[in-house]
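> Dropping a structure here in structure tokens format, bear with me for questions.
The values are calculated or read from the model by the stated rules, or taken from the named source; none is laboratory data. This one's a predicted model, so the numbers in the text were calculated from it and none came from an experiment. Glycine gets a Cβ as well: all are built from the backbone with ideal geometry, and neighbour counts include every protein chain shown.
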Amino acid sequence: MSRIIAALKAAVRHPAYAHAVIATDNVVARVAGVRRRGSGSGARYSVCIVAPPGDGNIGDQALLESALDNTSESVVVIVRNPAAFSIPDRFKERTSVLVLKDLLYGNPVARLRDVWAFSRTAESSLNTWVIGADTMDGAYNPRASVARLSCAAIAARLGSQARVVGFSWNGHAVESATAALRRVQDSVQLTVRDPVSVERLQRIGVEEPTAAADLVFARIGGVPEHADVFDWVSQEERTGRRIMVVNVSALLQSEFSQADEYAEFLRKFDSGSWSFVFIPHVRRRGNDDYVALSEVLAKYKPASCFVLSDLLSPDQVFALARRSTLVVTGRMHLAVLSILAGTYPVTLASQGKVEGLYRLLSEERMCLSPGEGVGLKLLEVSQAVILQGLAERGVAESDLDRLREAALRNFE
């Protein structure tokens, strides 16, 4: 059985896999398109959004909300299950949700049914936005990368203005994803969220990717719902304490033991002047930040801290980061929301996607490679940010304006 699994994984990584998927999808789309045109229907939606996975990920929720923030007309959002996202009230009147569970991740045979449904929806949409983020990076999930690119190509073929927005490209992308990207680049606009990814794409022969920034930098946001953590923060602020938000990534926990590293870092900062808010950013089975946080807190729990088990909304995370002096995280979109709130985050990098973010910010030192000894590096960089006054000053408004402007290129 292990040999069969290995053979299937190898097949998915081969360029022939990408060509086969795109060719098959093209046939399905052509038939669906002919039937749709024959029905006499016109465009029903301004934008069709192919959402990221969602399902317990604050970053994915923030990406979708930012996309919705940047269109004011009718939208259809394609998700893999009905509980993957919460559509905020401010968007509900003009937003429809279509569940296509096999379009990106499911059974290959059942997927053809969903390709048919997607084709009909895309042809009824003036624009199609495939949210790329890291799920389109060419290495994280090759099947999903190829499927997303094929969906964008289908939409373009059927007359929708198609783009893959705000995505990273991995330095170790597999051949199938690379082949798919090269094949669709002439018909699909590729909007890349960091300069490192732009360089990687150019090296593999993608000639004109649009350089942008992460979608979340273009968010407008709404009023956050009240949460108990805000009362606790207010109480700590009244005593003159500074707030540090701490996240521990379960994704990194699978690669090395973080508990001792974080415990050493926290022990050095735990004094009468700091209070800590521990928050999970992702809660999924097998990828649960709360489990990783709990392992750290079992090693060392600061005297003054608030531990969240449930996920906050992006609006709540933004509000919490705005009231904080420093954020330490292993999740990219917690870093993005913190920067947007004006608070510098120190981030442990994963999958080669965070380095480009910090190059945009001109603060590469705040992006750390995870591994043994990273606790001392966290301490060193955090103390430097504080001693140099960056933590108190916050992210310069000129930098935020530049990032917002770059992020809006995803939607131009």
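> Being aliphatic (A, V, I, L, M) and out of contact with any Cys (no Cβ under 6 Å at 6 or more places or on another chain) is true for just one of Ala122, Ala117. Which residue is that?
Ala117
> If I filter the stretch 290-331 down to residues being under 23 Å from Leu64 (Cβ atoms), charged (D, E, K, R) and surrounded by fewer than 21 Cβ atoms within 10 Å (Cβ to Cβ), which single residue comes out as nearest to the chain's Cα centre (by Cα)?
Among those that are under 23 Å from Leu64 (Cβ atoms), charged (D, E, K, R) and surrounded by fewer than 21 Cβ atoms within 10 Å (Cβ to Cβ), it is Asp315.
> Could you tell me whether the stretch 285-299 includes any residue that is touching a residue at least 24 places away in the same chain (Cβ under 8 Å), under 28 Å from Asp399 (Cβ atoms) and of a type in the set (S, T, N, Q)?
No, every residue in the stretch 285-299 fails to be touching a residue at least 24 places away in the same chain (Cβ under 8 Å), under 28 Å from Asp399 (Cβ atoms) and of a type in the set (S, T, N, Q).
> Of the residues that sit in the stretch 82-96 and are aliphatic (A, V, I, L, M) and crowded, with 16+ Cβ neighbours inside 10 Å, which one is nearest to Pro52 (Cα to Cα)?
Ala84
> How do the pairs read when you match residues in the stretch 40-61 that are closer than 27 Å to Val317 by Cα with residues anywhere that are at pLDDT 95 or above and of a type in the set (Asp, Glu), using Cβ under 8 Å and keeping only pairs 6 or more apart or on different chains?
Matching pairs, first to second residue: Ala51/Asp60; Pro52/Asp60; Pro53/Asp60; Gly54/Asp60.
> Identify all residues within the stretch 227-254 that are in a loop (DSSP other than H, G, I, E, B) and surrounded by fewer than 16 Cβ atoms within 10 Å (Cβ to Cβ); write none if there are none.
Selection gives Thr239, Gly240, Ser254.
> Another question, if that's okay. Out of curiosity, is Glu412 more than 25 Å from Val196 (Cβ to Cβ) and either free of Cβ contacts under 8 Å to residues at least 60 places away in the same chain or not basic (Lys, Arg) (or both)?
So Glu412 fails the test.
> Within the stretch 104-126, count every residue that is under 13 Å from Arg157 (Cα atoms) and either touching a Pro at 6+ places or on another chain (Cβ under 7 Å) or among the hydrophobic types (A, V, I, L, M, F, W, C) (or both).
Within the stretch 104-126, residues that are under 13 Å from Arg157 (Cα atoms) and either touching a Pro at 6+ places or on another chain (Cβ under 7 Å) or among the hydrophobic types (A, V, I, L, M, F, W, C) (or both) number 3.
> Find the residue count for the stretch 148-194, including only residues that are among the charged types (D, E, K, R) and under 24 Å from Glu405 (Cα atoms).
Counting residues in the stretch 148-194 that are among the charged types (D, E, K, R) and under 24 Å from Glu405 (Cα atoms) gives 3.
> Which residues, counting only those in the stretch 43-69, are small (Gly, Ala, Ser) and either out of contact with any helix residue (DSSP H, G or I) (no Cβ under 7 Å at 6 or more places or on another chain) or assigned to a helix (DSSP H, G or I) (or both)?
Answer for the stretch 43-69, where residues must be small (Gly, Ala, Ser) and either out of contact with any helix residue (DSSP H, G or I) (no Cβ under 7 Å at 6 or more places or on another chain) or assigned to a helix (DSSP H, G or I) (or both): Ala43, Ser46, Gly56, Gly59, Ala62, Ser66, Ala67.
> Identify the single condition in (1) surrounded by 24 or more Cβ atoms within 10 Å (Cβ to Cβ); (2) in contact with a helix residue (DSSP H, G or I) (Cβ under 6 Å, 6 or more places away or on another chain) that Leu334 does not satisfy, given that it satisfies every other one.
(2)
> When you scan the stretch 352-366, do you find a residue that is closer than 30 Å to Val198 by Cα and β-branched (Val, Ile, Thr), even just one?
Yes, some residue in the stretch 352-366 is closer than 30 Å to Val198 by Cα and β-branched (Val, Ile, Thr).
> Scan (1) crowded, with 17+ Cβ neighbours inside 10 Å; (2) within 21 Å of Met136 (Cβ to Cβ) for the single condition Asn287 breaks and write down its number.
Result: Asn287 passes all but (1).
> Which residues, taken from the stretch 395-412, are of a type in the set (Gly, Ala, Ser) and either surrounded by 18 or more Cβ atoms within 10 Å (Cβ to Cβ) or assigned to a helix (DSSP H, G or I) (or both)?
Selection gives Ser398, Ala406, Ala407.
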